[in-house]
Structures are given as structure tokens and as C-alpha cells.
Amino acid sequence: MRALLAVTTALLVAGWVGSVSDAATNPWIEKTPLDIAHQGGEDEFPSNTMYAFERSLQVGADMLELDVGVTKDGQVVVMHDTTVDRTTNGHGTVASFTLNQLRKLDAAYWFAGGSNAYRHDRARSAYRLRGVATGKRRPPKGFTAADFRVPTLKEVMSAFPHTPINVEIKGRTKAEALDEYLTNADALARTLKSTKRRDLIVVSFKQEAVDRFHQLVPALPVAPGIGGAANWLLGGKSPGDGVVAFQLPITYVLGQQTLQITTKDNVARAHREGYAWHTWLSDDGESPAIWGSLLDMGVDGVMTAKPKAFAALLRQRR
């Protein structure tokens with residue numbers, strides 16, 4: 001995967017131009033960039049909880065970004081990691097729990113907010129939402145204990161029927177084997193095959209998972225994995241059927257060199273070919289200066305861990 005990403009980033013820097021997409025009209029190409037709450041805004045709210053999704057929309061987010069895994073009994077749940085250890089009071093992979101077992105966990109157990117929001121070495125008082133899920137602490141006004149537990153994808157979609165949602169397919173174990181991603185792509189397809197919604201984008205780092213999902217649910221738009229992005233950049237090849245947006249970082253470190261991926265020229269090229277451009281920031285840090293540079297490049301959305309702060313910047317620039 002690292003080798004393929006290296007090829008991809010090198011081609012971006014070199015300015016390869018592929019063939020023009022048939023997507024002449026793409027509703028995801030935005031005049032005003034989308035404030036996309038990454039994991040529901042994990043620096044401001046507890047990752048991938050119903051509380052985080054609701055609060056991020058209240059403070060200005062336009063779209064939700066979330067990650068899905070599959071439980072032992074085949075239920076598609078919302079969790080960023082392949083294990084529950086980082087954010088909850090449980091231990092083990094998502095795939096080792098049944099849905100009922102996951103329901104008993106406190107999904108805000110390690111949330112303290114700010115940078116490194118889920119460190120496990122703080123004083124107990126720092127984890128101000130710990131215990132809400134289990135009834136040991138009263139929930140904030142307007143919320144319930146269930147809003148601080150691990151939700152299913154169906155629950156999120158039902159609660160936010162008019163909010164665009166980005167869904168990333170994750171693996172099942174730390175091995176990150178391809179068959180794990182394909183298994184989860186199949187489960188996601190079963191969950192979404194009958195939906196009438198078209199305001200969802202499905203993505204995965206594994207191109208094979210994206211392709212499998214699109215084969216099973218062709219009506220829903222997707223973003224390419226690393227392989228699809230590489231195909232597009234090599235010139236003349238499609239990034240994959242159903243693609244409406246590229247979702248890429250700002251930079252990639254290759255050896256001793258930092259390569260620029262999200263640039264004004266690359267964003268403009270994507271627009272010319274009918275694709276939107278969403279930037280995720282997990283490896284590049286977040287600040288008003290970085291956000292401002294992305295807006296100046298013309299990106300269509302920023303996947304931010306700080307949706308409230310990003311919304312404030314957007315208001316200042318209008």
C-alpha cells in the first residue's frame with residue numbers, strides 16, 4: 001500500500017493528466033466548501049457517537065464522516081478503529097463483539113477533547129463524559145445515555161436523513177488483510193442496497209473494497225481507494241466506476257521528501273474532469289492557516305476534527 005501511495009503522490013506532483021470523466025455535472029463540486037465532521041469532529045466531540053454527530057451539526061458542520069466495521073453477528077457499526085480499545089472501556093476487535101455486547105461499552109470513556117483527545121494517562125476528571133453511556137453520569141440536556149454508545153450505521157442514517165454522510169470501509173483486524181475489507185464491503189452493501197438516499201459517498205483505502213461495494217450497490221457514489229487514484233493519475237484510466245470525489249491528504253512524506261498532493265492545480269484538474277476534491281487532515285495538523293490555504297485552493301470539502309472551529313473560519317471568509 002505504501003509503495004502504491006508513493007507512486008500516486010509522485011504522479012500528482014509530476015502533473016500527469018488523465019482523460020476527462022463523463023461526469024459533466026457533479027453535485028459534489030461545491031461553491032461553498034463543505035465542513036465535513038471527521039468521526040463527528042473527534043477533537044471536539046467523542047469519536048463516532050450519536051452525540052458527536054448531532055453536536056457537530058449544531059455547531060456548523062454540513063456533512064458527517066464516519067467509519068464502519070462489522071460485529072461478530074454481522075451488524076454494521078460505526079467505529080474508526082478495528083479495535084474498541086482507544087475510545088471505549090472495552091478491549092478487543094469490533095469483530096469479536098456482538099452488537100449487544102458493544103452496546104454495553106462507553107464510547108466516550110477516553111474522550112477529553114483537544115489535541116490527543118483520547119490519551120489514557122489523564123486524571124479521571126479530564127474525561128468529562130465518562131459514565132454517561134452507563135448511567136453513572138447524567139447526560140447533557142437534550143441527549144440520552146444511548147447517544148454515547150457505539151451506534152449502528154442504520155441508526156445514524158435514520159437520525160440524520162437529510163445530512164450527507166461519508167462512509168469509510170475499515171478492516172477487521174490489525175492485519176489489514178484484503179479479505180477483511182471485502183467482507184466488510186459485502187456487509188455494508190447488504191445494509192445499503194435498498195436505500196433511496198444518494199447523499200452518501202462510500203470510500204476505502206483498499207480499491208478492491210470500493211469496487212466490490214460499487215458492484216453490489218451501483219446507485220451509490222464512491223471515492224476511489226489508492227489503486228483507483230493511481231489509475232487516474234497514470235493517464236487515460238478511470239479512477240473507478242461511480243467515482244464522484246477524490247479524498248486525499250494535503251501531503252505525503254516519501255523518504256526525506258514531503259510531497260504536496262492537494263494543490264490548486266490538482267484541485268482545478270479534478271474539477272475540469274468532473275470530480276470533487278475532499279481533503280482529510282489527520283496527518284497534516286489543523287489550524288486556521290492550513291484551512292485557509294485549502295479554501296484558497298478551491299477544495300470542495302475539508303474533513304476536519306474541529307468542525308466548530310472550521311465553521312467559524314468559513315463565516316469569517318464569507
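The values are calculated or read from the model by the stated rules, or taken from the named source; none is laboratory data. Every value quoted in this text rests on a predicted model; they were computed, and no experiment measured them. Quick reminder, even Gly has a Cβ in these numbers, built from the backbone with ideal geometry, and neighbours come from all protein chains shown. These area figures cover heavy atoms from the full protein model, side chains too; ligands, DNA and RNA do not enter into them. Shrake-Rupley method; radii C 1.70, N 1.55, O 1.52, S 1.80 Å.
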Item to check | Pairs with Cβ under 7 Å, 6+ apart, first in region 236-249 and of a type in the set (Val, Ile, Thr), second open to solvent by less than 20 Å² (accessible area, probe 1.4 Å) and in a strand (DSSP E or B) | outcome: Val243/Val222; Val244/Ile201; Val244/Ala276
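Conditions tested, residue by residue: (1) among the aliphatic types (A, V, I, L, M); (2) under 19 Å from the mean Cα position of the chain (by Cα); (3) surrounded by 13 or more Cβ atoms within 10 Å (Cβ to Cβ).
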{"site": "Asp73", "(1), (2), (3)": "no, no, no"}
{"site": "Ala95", "(1), (2), (3)": "yes, no, yes"}
{"site": "Leu105", "(1), (2), (3)": "yes, no, yes"}
{"site": "Ala108", "(1), (2), (3)": "yes, yes, yes"}
{"site": "Ala112", "(1), (2), (3)": "yes, no, yes"}
{"site": "Leu129", "(1), (2), (3)": "yes, no, yes"}
{"site": "Val132", "(1), (2), (3)": "yes, no, yes"}
{"site": "Lys136", "(1), (2), (3)": "no, no, no"}
{"site": "Pro139", "(1), (2), (3)": "no, no, yes"}
Checklist entry - Inside region 176-204, can you point out the residues that are under 19 Å from Gly227 (Cβ atoms) and open to solvent by 30 Å² or more (accessible area, probe 1.4 Å)? => result Glu176, Ala177, Leu178, Asp179, Leu182, Thr183, Asp186
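Yes or no, residue by residue, for (1) among the β-branched types (Val, Ile, Thr); (2) open to solvent by less than 40 Å² (accessible area, probe 1.4 Å):
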residue	(1), (2)
Gly60	no, yes
Val70	yes, yes
Val77	yes, yes
Arg86	no, no
Next on the checklist: Looking at region 111-167 only, could you name the residues that are assigned to a loop (DSSP other than H, G, I, E, B) and of a type in the set (D, E, K, R)?
Outcome noted: Arg119, Asp121, Arg122, Arg128, Arg130, Lys136, Arg137, Arg138, Lys141, Arg149
Checklist entry - Looking only at region 267-318, which residues are in contact (Cβ under 8 Å) with a residue 40 or more places away in the chain and hydroxyl-bearing (Ser, Thr, Tyr)? => result Tyr275, Ser282, Thr304
